[in-house]
Amino acid sequence: MKHSKYPIKKWDVSIIELENDVTFYKVTRRISELEVPETKIFDSKEKAKEQFEQWLK
């Protein structure tokens, strides 16, 4: 059995709809060991879904 030199990190990925006068979609990924998550904001639901799916790979 081979062991990786680096441990596999598991990402938590979320997508949230934000509404003010305009609707935005916030896609966030986070590793529990890191203090700062990576977040992107989109004005298109389709683009947000694309990013979400890409980060799940």
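The values are calculated or read from the model by the stated rules, or taken from the named source; none is laboratory data. Just so we're clear, the structure is a prediction, and the values are computed from it rather than from any experiment. Cβ: placed from backbone, ideal geometry, glycine included. Neighbour counts: every protein chain shown.
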- Is it true that GLU33 is charged (D, E, K, R) and exposed (fewer than 13 other Cβ atoms within 10 Å of the Cβ)? yes
- Task: Name, by its number, the condition in (1) modelled with pLDDT of 85 or more; (2) of a type in the set (D, E, K, R); (3) not in a strand (DSSP E or B) that does not hold for ARG29.
- Result: (3)
- Residues being within 8 Å of the chain's Cα centre (by Cα) and not acidic (Asp, Glu): count how many of those fall in the stretch 12-39. 8
- Message: Which residue is nearest to SER14 (Cα to Cα), if the candidates are limited to the stretch 39-57 and must be free of Cβ contacts under 8 Å to residues at least 12 places away in the same chain and of a type in the set (Asp, Glu)?
- Response: GLU53
- Query: Is at least one residue of the stretch 1-23 at pLDDT below 90, small (Gly, Ala, Ser) and out of contact with any helix residue (DSSP H, G or I) (no Cβ under 9 Å at 6 or more places or on another chain)?
  - Reply: yes
